[in-house]
1. For residue 241, what charge total do you get from the other residues with a beta carbon under 11 Å from its beta carbon, if Lys and Arg give +1 and Asp and Glu give -1?
2. Okay, which of the stretch 71-102 sit inside 14 Å, backbone N to the point 7 Å along the Cα-Cβ direction of residue 262?
3. Using a 1.4 angstrom probe, figure out how much accessible area the chain has per residue, in square angstrom, rounded to the nearest whole.
4. Would you work out what percent of the accessible area of the stretch 63-332, with all protein chains in place, is carbon or sulfur (probe 1.4 Å)?
5. If packing is taken as the mean number of other Cβ atoms within 10 Å per residue, what is the order of 152-158, 274-280, 188-194, highest first?
6. Once the Cα gyration tensor of the stretch 59-172 is found, what semi-axes does its equivalent ellipsoid get, as square roots of 5 times the eigenvalues, in whole Å, sorted largest first?
7. For the stretch 65-120, give the magnitude of the charge dipole about the Cα centre (Cβ charges: +1 Lys/Arg, -1 Asp/Glu; no others), in debye to the nearest 20.
8. Quickly rank 293-299, 225-231 as a protection proxy: mean count of other C-beta atoms within 10 Å, highest first.
Amino acid sequence: MMKITLILFLTITLISQGYSGRCGEPHNSLNDCHIDSQCQKLEDCCDDYKKQCGRRALASVSDAEIKSLSEMLYKLDHNRATTSELVIDPQTLISSSETGSRDDASSRPLFKQVSSTLLSKPTYKALLNLLDNYRRVTGEVEDVPSQEVQEQDTFLQQTMNTDVGRELYNFLHSKGIYSSQSEFIQDLKMMWFGLYSRSSGKLDSSGFEHIFAGEIKGGKVSGFHNWLQLYLNEKQGLLNYYSHSFNGPWTTYPDVLGMQFEWDGYFKEVGSAFIGSSPEFDLAIYSLCYITRPGKKCYVSLGGQTLGIQTYTWDNSSYGDGKKYIASAYPTTP
């Protein structure tokens, strides 16, 4: 009688706690359902596997694995700009103590040449189609007509058609974080394009808008960490490049710059961005760090050089089962 009571107690306890106590266990064929790292591939996971073990799956991604994967993504970025496709003119280097001076120390534009061949690549075209979809001032509601939704889908699908996108998914899938590519793409769509409010309770922002397109908040430039958006606005006469306070150690693209610039009358004291990277590379590196180290500094390795990526979560609203939208992500500079 005591043995039966104990079994019933253990069973009730296991049900009440979900299966969290078994997360990461070795595969056991005697179990009715499974919590091991291969269960999604074998399609025999317990019903609440994601809820109970999702965080543990993320915790299983080590710093060394992030560096190894980022190095691979760097090598697989076949769509990065070559030095003949992209020519920049960084000009004046200033100290970190001078970044708030608002002095235009560079008389020439940052971008000297950007090849039309580069911009015609599928992921570049898909990104360019997205960049004019946003009202940059926070507090103004973002309308998202069906055409823009389709542009989001096209951008995400095009990134997944690259070696960079496939490598990132395969890694996260192997860790049990995503069970299918369609699930991964849908989560990216919500994480990056899901709307939330930065001002006045209006749905005025998203991670993509903040990071790739840039915003104006409180009379200052906020976000704006994508080199293609920098190039487009400089070409249109809307952006005036002032100087740079950091130039990464890379001699080929992608490189990293920490810049000072004025965007249509609004100042950015330090705007860091990859330069010459493909759109899929930016999305992959930021997503990798946000998914595995949300709200923390994540260290990646690119061409043997270590770089910090800072991400922030949006904590005022969520999607799905309590997931957080991405608030910001950028390369850190001294």
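The values are calculated or read from the model by the stated rules, or taken from the named source; none is laboratory data. Fair warning: this is a prediction, and the values are worked out from it, not measured in the lab. Cβ atoms come from the backbone with ideal geometry, glycine included; neighbour counts cover every protein chain shown. All accessible areas refer to the heavy atoms of the entire protein, side chains included, with ligands and DNA or RNA removed. Shrake-Rupley method; radii C 1.70, N 1.55, O 1.52, S 1.80 Å.
1. Result for the neighbourhood of residue 241: -2.
2. It comes to 101-102, nothing else.
3. Each residue of the chain exposes 47 Å² on average to a 1.4 Å probe.
4. Result for the stretch 63-332: 46 percent of the exposed heavy-atom area is carbon or sulfur.
5. 274-280, 188-194, 152-158
6. 29, 24, 19
7. 120
8. 225-231, 293-299
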